[in-house]
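First up is the structure itself, then whatever we jot down about it.
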Amino acid sequence: MRKQYFSFSDEARKLKSKLLILSGIALFIGLTEALPKKPTLIGLDLSNNQEILGWFIFFITLILLFNYVVVAILGLTEYYLPSLIKKETDKSTGDTLGLTPEECMQSQEEQAFYDNSSNVGTSEQELKDINRKNTKIIYDYKNSYIKTHDFVVIVVELIIPLVFSIVGISYLYQYISCLK
C-alpha cells in the first residue's frame, strides 16, 4: 500500500485551470459557430478581425494542452518510478547460480555452519551480484527519467516559447514595418 496518494503538481493544476477555461471558450465558439461581435483581447478591439481572435484562441489552447499533457505525464512518471524500479529489480537473479535474493538469504542461513574460503558460487556472492544488478537498474531508470525530464523541460519551457515568441515578434515587425 502506498504511503502517499498521487496528486498533480501546482504547475499542472494551474495549467489545467487555464486549459479548461480556454477549452470552454473554444467549445462555446465551436458549437455556436460565432465569435463575439465586439471581442477585446488584452485591451485590444478585434471587432474588425474576428478570425484572428479565433486562431489566437485555437493556438493558445493547443499550446496549453500540449504543456499540460507533458507536465502531467512527467508527474505521473515521477510518482510511479519507484514502482517501475521495484518491478524490474524483483526479477534480478545472481550471475553464477541464478538465485533470487530470497533464495540467497535462505541458503546463507543453511550454510552458516560451514567455513568457505572462496565466495565464488556461494549464496553470499549471488546476493552481491543481485545487489550490484539492482543498483545498476535503479541508476539506469532514474538516470533515464532525469534525462527525459530535462529534455522535455528544455523543449517545452525553453524552445517552444522561444520559437512562439520569435514567430509572434516577426509577424508584429512585418506588420509594423508595413504601416509607413
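Annotation: S92 fulfils all but one of (1) assigned to a loop (DSSP other than H, G, I, E, B); (2) at pLDDT 65 or above; (3) in contact with a Ser or Thr (Cβ under 6 Å, 6 or more places away or on another chain); the unmet one is (3).
Do you know which residues across the range 132-162 are polar (S, T, N, Q) and either outside any helix (DSSP H, G or I) or within 13 Å of I85 (Cα to Cα) (or both)? Steps first, answer last, please.
If we filter the range 132-162 for residues that are polar (S, T, N, Q), which is where we start, we get 134-135, 143-144, 148.
Answer for the range 132-162, where residues must be polar (S, T, N, Q) and either outside any helix (DSSP H, G or I) or within 13 Å of I85 (Cα to Cα) (or both): N134, T135, N143, S144.
Taken over the range 27-83, residues that are modelled with pLDDT under 70 and at positive phi amount to 2.
The values are calculated or read from the model by the stated rules, or taken from the named source; none is laboratory data. Computed from a predicted model, the values in this text were never measured in an experiment. FYI the Cβ positions are ideal-geometry reconstructions off the backbone, even for glycines, and counts take in every protein chain you see.
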